[in-house]
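Colleague: Okay, handing you the structure first.
The values are calculated or read from the model by the stated rules, or taken from the named source; none is laboratory data. Computed from a predicted model, the values in this text were never measured in an experiment. Every residue, glycine among them, receives a Cβ derived from its backbone with ideal geometry; neighbour counts consider all protein chains shown. Just the protein is used for accessible areas: all its heavy atoms, side chains included, with ligands, DNA and RNA removed. Shrake-Rupley method; radii C 1.70, N 1.55, O 1.52, S 1.80 Å.
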Amino acid sequence: MISVPIGKPSFFTVHLVFVLLTILFCFPGSVSASAEEAAALFKWKSSFFNPDNPLLTSWILQQNSSPCSWYGVSCIKGSVNRLNLSDSNIISTLYDFPFSSLPNLEYVDMAVNEFSGSIPPQIGNLSKLIYLDLQGGALSNEIPREIGFLKNLQTLHLNGNYLNGSIPEEIGQLRFLNDLALAANNLDGPFPASFGNLKNLSYLYVYDNHLSGPIPPELGNFDNLVEVYMYGNQLSGHIPSTLGNLNKLKVLYLFSNNLSGSIPSELGNLTSLNSLSLFNNNLTGSIPPSLGNLSNLTLLHLYANQLSGSIPKELGNLMLLEDLELSNNLLIGSVPVTLGNLSNLKYLYLLHNQLSGPIPQELGNLTKLVAMIMAENQFSGQLPEGLCQGGVLKNLTVNENMLTEDVNTEVEGFN
């Protein structure tokens, strides 16, 4: 009898067997789960109005198909955890999206596509979701209350659609939310009472809607807020003084609302602020001198209100200021000579107030000035010398004043 010698298994063979056993015993469902997720995504793609989208040619079902190598799909342990399909020319709805078939989905970016119809309530099944971006589409109807089930969500972008109705009360359950963008929709009604729960917010974008009611004073407790864009709504009431607590805030845009009352002096505590825009409201009272503490400010827009009193000399402390617009108010008195300290100023708009006295000669020091609009006041005396020394002044408008010399009241193209 001839015996056949059996050699020892190679290291590679042992290692391969070990890996296979690990997959089978530790992740027995990974292969089947991956195939199920592939089938669910493929079915959703089949519902597109353009299923032959050339970007999605890799989305093909084969035996034991895995979606992990498909365009825009990423996996962990064989299961889909990320969909990055932004700007992919998808024309579809979300009605057939496999919300219940992707249990490990954490990241969804489907911005700038042509999704229409409603956001289905089944979106609440994506319980592990951290990032959701559906901006720049044609989604309509209300934000579903089930959005509140996404307890791990940190980023929610629904801006630039046609969503309507109010912001759901359930949004207050998203306590980890850092970035909320609901701008440029048709949302109406007040902020829900639960909004004060979103204390981790850093970025709030709700501009260009039809939101009404007051600005929630609880915003002043959002210690991490960096940017607040609430313009272009119908918000009313006073600006909460609590906003002065936001020491990380860089942008505060509240313009084009129905806000009333005075500008809180507490806004002078916002020493990180770069841009403050409150124009086109019904604000009254004087400009708080405390705004002169905003040492990082580059833009201050307070025009088209009913502000009275004089321009505070403290505004001359804003050494980084590039754009100062106070037109269309009820301001009186003289222009403070301290404005001549604003060496970075490019735009100075004081149109249509009741300002009087001479235009300070110190404004001739503003060598970066591109436009100085001083018309429709009660200025007297002569124009400052040296206004054109910077060589960049394009527009000087001083008509309808009481200046004593013959001036060209609208000068363009200075070089």
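Colleague: Which is farthest toward the positive dipole end of region 78-179 among 118, 98, 138, measuring Cα position about the Cα centre, with Cβ charges +1 (Lys, Arg) and -1 (Asp, Glu)?
Modeller: 98
Colleague: For the charge dipole of the chain, defined by +1 on Lys and Arg C-beta atoms and -1 on Asp and Glu C-beta atoms about the Cα centroid, which residue among 204, 293, 107 has the Cα displaced farthest towards the positive pole?
Modeller: Farthest towards the positive end: 107.
Colleague: Put a dot 7 Å past each Cα toward the Cβ at residue 265 and residue 221; how far apart are the dots in nm?
Modeller: About 2.6 nm, to one decimal.
Colleague: Then there's this: Relative to the compact globular guide of 2.2 N^0.38 Å, what is the alpha carbon radius of gyration of region 230-279, as a ratio?
Modeller: Details: Rg = 10.5 Å, N = 50, 2.2 N^0.38 = 9.7 Å.
Compactness ratio reported: 1.07.
Colleague: Note down the relative contact order for the chain as a percent, whole number, built from C-alpha pairs under 8 angstrom at least six residues apart.
Modeller: Working: 1146 pairs, mean separation 23.6, N = 415.
Relative contact order here is 6 percent.
Colleague: Mind listing P(r) for the chain? All alpha-carbon pairs, 10 Å bins, whole percents.
Modeller: Histogram of Cα-Cα distances, whole percents per bin: 4, 18, 21, 17, 15, 11, 7, 4, 2, 1, 0, 0, 0.
Colleague: By how many nm would the segment from residue 247 to residue 344 lengthen if fully extended, with 0.36 nm per residue of separation less the alpha-carbon distance? Don't skip to the answer; put the middle values down first.
Modeller: Working: separation 97, 0.36 × 97 = 34.92 nm, distance 2.40 nm.
Between residue 247 and residue 344, full extension yields 32.5 nm more.
Colleague: Now for a different question. Using unit Cβ charges (K, R positive; D, E negative) and no other charged atoms, how large, in debye to the nearest 20, is the dipole of the chain about its Cα centre?
Modeller: Values: 16 positive and 32 negative charges, 330 e Å.
In debye, rounded to 20, the chain gives about 1580.
Colleague: Region 320-379 to region 130-181: how many Å between their Cα centroids?
Modeller: Result: 43 Å between the Cα centres.
Colleague: May I ask you to derive the FRET efficiency for residue 95 and residue 234 from their Cβ-Cβ distance with R0 = 30 Å, giving the value to the nearest 0.05? Mind showing how you got there, number by number?
Modeller: Working: r = 32 Å, r/R0 = 1.07.
In this case the efficiency is close to 0.40.
Colleague: Let me know the charge dipole size of region 182-288 about its Cα centre in debye, to the nearest 20, where only the beta-carbon of Lys, Arg (+1) and Asp, Glu (-1) is charged. Let's see the in-between values first.
Modeller: On the way: 3 positive and 6 negative charges, 29 e Å.
Value, rounded to 20: 140 debye.
Colleague: Can you give me the % of accessible surface on region 117-276 that is carbon or sulfur? Probe 1.4 Å, all protein chains present, nothing else counted. Intermediate values should be presented prior to the final figure.
Modeller: Details: 2580 of 5850 Å².
Exposed carbon and sulfur together represent 44 percent of the surface.
Colleague: Take every DSSP beta bridge with both residues inside the chain and express the antiparallel ones as a percent of the total, to the nearest 5. Can you show the working numbers first?
Modeller: Numbers: 7 of 74 bridges.
Roughly 10 percent of the beta bridges in the chain run antiparallel, per DSSP.
Colleague: Taking 0.36 nm per residue of separation and subtracting the Cα-Cα distance, what length does fully extending residue 199 through residue 286 add? Show your work: numbers first, answer last.
Modeller: On the way: separation 87, 0.36 × 87 = 31.32 nm, distance 3.16 nm.
Additional length available on full extension: 28.2 nm.
Colleague: Residues with beta-carbon under 13 Å from that of residue 240, excluding residue 240: net charge, scoring Lys, Arg +1 and Asp, Glu -1? It would help to have the intermediate numbers written out before the result.
Modeller: Values: positive: none; negative: 218, 266.
Residues close to residue 240 contribute a combined charge of -2.
Colleague: Let me know the charge dipole size of region 33-189 about its Cα centre in debye, to the nearest 20, where only the beta-carbon of Lys, Arg (+1) and Asp, Glu (-1) is charged. Display every interim value, and only then the final one.
Modeller: Details: 8 positive and 15 negative charges, 84 e Å.
The dipole magnitude comes to about 400 debye.
Colleague: Using only Cα atoms, find the angle between the long axis of helix 11-26 and the longest principal axis of the chain, and express it within 0 to 90 degrees, rounded to the nearest 10.
Modeller: Approximately 70 degrees, to the nearest ten.
Colleague: Which value, in Å² rounded to 10, gives the accessible area of residue 326 with a 1.4 Å probe and all protein chains present?
Modeller: Using a 1.4 Å probe on the heavy atoms, I get roughly 0 Å².
Colleague: Further question: With just the Cα atoms defining each centre, how far is region 33-48 from region 222-276? Give it in Å.
Modeller: What the calculation gives is 46 Å, centre to centre.
Colleague: Averaging over all projection directions, find the projected area of the Cα convex hull of region 234-325 and quote it in nm² with one decimal place. Don't skip to the answer; put the middle values down first.
Modeller: Details: hull surface 19.6 nm².
Computing the convex hull of the Cα atoms and averaging its projections yields 4.9 nm².
Colleague: Quick one: net charge of residue 289's neighbours, Cβ under 14 Å, K/R +1, D/E -1?
Modeller: It works out to a net charge of -1.
Colleague: Additional query: Of 42, 222, 255, which is the most mobile in a GNM of the chain whose springs link Cα atoms less than 10 angstrom apart?
Modeller: 42
Colleague: Applying a 10 Å radius around every beta-carbon, put 387-394, 225-232 in order of their mean neighbour count, most first.
Modeller: Put in order of decreasing packing, that is 225-232, 387-394.
Colleague: Straight-line reach from residue 128: which aspartates and glutamates have Cα under 15 Å away, leaving out those fewer than 8 places along the same chain?
Modeller: By straight Cα distance, residue 128 reaches 106, 109, 146.
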